[in-house]
Each structure stands twice: as structure tokens, then as C-alpha cells.
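Trainee: Can you read through this structure? Questions will come right after.
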Ligand SMILES: Cc1cc2nc3c(=O)[nH]c(=O)nc-3n(C[C@H](O)[C@H](O)[C@H](O)COP(=O)(O)O)c2cc1C
């Protein structure tokens, strides 16, 4: 398979939230993880575990997440404020615009949130965890972030789309039970993955980034 150069890979990658029903072969996921695990980790501790779900367990997870969501039993993390909130609203506006979801259309907004809780109906979900003994886990969160970005990029390079999906693990107790994740592991996030459905409008969205001048300082440079 023709692989992308690094620049093209990073510049073209985007979150994918609509997938073909086509299953993803275990060997492809194995290959992606083989590459992604070259990620750096603090003192090479490789603090990650990956639980890969597909088929009936993933369907059960979706079903139970849905039930809890509709019963109003999902508590979201605190709201972002200030510039962070502004950026969060910007991406939501872009997604809602292409999906034709009006600001005051509560049922359609609810439908979008439910899609997130269903992991956007992706055929595969990779649940990333670390050992509880490492808590408070700021450093290993960093390790898992590095692994996670490696997974997302390696997948994109193989024609697979994905979205890192905090919504998918908001009821981590359900994820733990369905995927038989040991109590000694902390569930950090999941990555919903599959072959992109190019006709799904949200997949066309390109998110913004601030210019370097807004968040980079140079110290000691002559120019
Ligand atoms: C930790 C984390 C959690 C995320 N959770 C969600 C989520 O629950 N639902 C969602 O649609 N996107 C989620 N995303 C994807 C971000 O919205 C996305 O990466 C961001 O808007 C930038 O867009 P891009 O990935 O297309 O460049 C998450 C990303 C990260 C890093």
C-alpha cells in the first residue's frame, strides 16, 4: 500500500464520525498498534493497555450506553471556559452546520450526542487504559496521549478513519463490565475506528488551529 509522507499524513488527518459498515480485520489493527507503540513514554515505561472491541461486545456497549444516556444517568465533565469554550463552540458549530442541525433543534442535537455515545457506530473501538497504581497519572496520561495520536495517524495512513471519543467512555463502569477490563486499570479514553463513509457530511469538516503567534514564545533567538 502506498503510504503518505509525514507532512501529508498530519495535514490531511481529521476526525471521522461516519463509518462504512465494513468490518476491520484484526491484522490491520494489530499492524496499527505495532507502529503506534513506538510512541515515547516516560522512561520507556509504556504505561498503556489497549482493549480492542468489535462485534457483539461493542454492540452491547452501545446499547447500554444509550439506555443510560436516555435515562439521564450520564454526567459530563465540567464545561470549558474562556478561549477553550470558544474553540469548543466553534467546532460544534461547524459540525452542526454541515449536519444541518439548527441551534434550537433539540431532538437533532440530542441525536448527535447519542451518536457520540454510540461511538459513531464505528465497527471497532480501542479502549486505552493504564495501571491504577500510577495515579495520579499526569505523566502516564501524556504517554497514553502519545500512543493515541500514533494510533490515529497509523490508522489514517492505512485508509482508516477514527475519532478519539471521550463520550464513549463516560460510563466507564459499563465499558469495564462489557470489555472485562480489570479493576486495576484506569480507563482513559477510546478511539472509534473504521473505514470512512465519505458521504457523511461531518467527515468533511476541517477544524481550525490558532496561529503559532497565539501560543508560542521564543526565548534567546536572534531574530
Ligand atoms: C481527549 C479527546 C477526547 C475527544 N472526545 C470526543 C468526543 O467525545 N466526541 C467527538 O465528536 N470528538 C471528540 N474528540 C475529537 C476532537 O473533537 C477533535 O480532535 C478536535 O475537534 C480537532 O479536530 P480534528 O481531530 O478533526 O483535527 C476528542 C479528542 C480528544 C483528544
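Laboratory data are not the source of any read-out in this text; all were calculated from the coordinates shown. Worth saying up front: this structure is predicted, and the values here are computed from it rather than measured. Note that we place each Cβ from the backbone using ideal geometry, even for glycine, and neighbour counts take in every protein chain shown.
Trainee: How much length is gained on full extension from residue 83 to residue 132, taking 0.36 nm per residue of separation minus their Cα-Cα distance?
Mentor: Once the chain is fully extended between residue 83 and residue 132, it gains 14.4 nm.
Trainee: Still on this structure, please answer the following. I'd like the FRET efficiency for residue 12 and residue 38, computed as 1/(1 + (r/R0)^6) with the beta carbon distance as r and R0 of 30 Å, rounded to 0.05.
Mentor: Rounded to the nearest 0.05, the efficiency is 0.90.
Trainee: Taking 8 Å as the Cα distance limit and 6 or more residues as the minimum spacing, I'd like the relative contact order of the chain as a percentage.
Mentor: 38 percent
Trainee: Ranking 6, 96, 142 by Cβ neighbours within 10 Å, fewest first, what do you get?
Mentor: Arranged by neighbour count, lowest to highest, 6, 96, 142 become 6, 142, 96.
Trainee: Let me ask something else about it. If the label point is 7 Å along Cα→Cβ of residue 108, which residues in region 188-223 have backbone nitrogen under 18 Å from it?
Mentor: Hits in region 188-223 for residue 108 at 18 Å: 200-205.
Trainee: Take the Cβ-Cβ distance between residue 204 and residue 115 as r, set R0 to 25 Å, and report the resulting FRET efficiency rounded to the nearest 0.05.
Mentor: For R0 = 25 Å, the calculated efficiency reads 0.95.
Trainee: Which value, to two decimals, describes the C-alpha radius of gyration of region 168-223 once divided by 2.2 N^0.38 Å?
Mentor: For region 168-223, the normalised Cα radius of gyration is 1.99.
Trainee: Still on this model: Translational diffusion coefficient, Stokes-Einstein: compute it for region 1-84 using the Kirkwood radius over C-alpha pairs as Rh, at 25 °C and 0.890 mPa s, and state it as an integer in µm² s⁻¹.
Mentor: Value of D from the Cα-based Kirkwood radius: 141 µm²/s.
Trainee: Give me 14, 106 ranked fewest to most by other Cβ atoms within 10 Å of their Cβ, as a rough exposure proxy.
Mentor: 106, 14
Trainee: Kirkwood hydrodynamic radius, region 121-218, all distinct C-alpha pairs: what's the number in Å?
Mentor: It works out to 15.5 Å.
Trainee: Using 0.36 nm per residue of separation minus the Cα-Cα distance, give me the extension gain between residue 70 and residue 92 in nm, one decimal.
Mentor: Stretched out fully, the residue 70 to residue 92 stretch lengthens by 5.8 nm.
Trainee: With a ≥ b ≥ c the root eigenvalues of the C-alpha gyration tensor of region 1-150, is it rounded (a/c under 1.5), prolate (a/b larger than b/c) or oblate?
Mentor: Cα axes put region 1-150 in the rounded bin.
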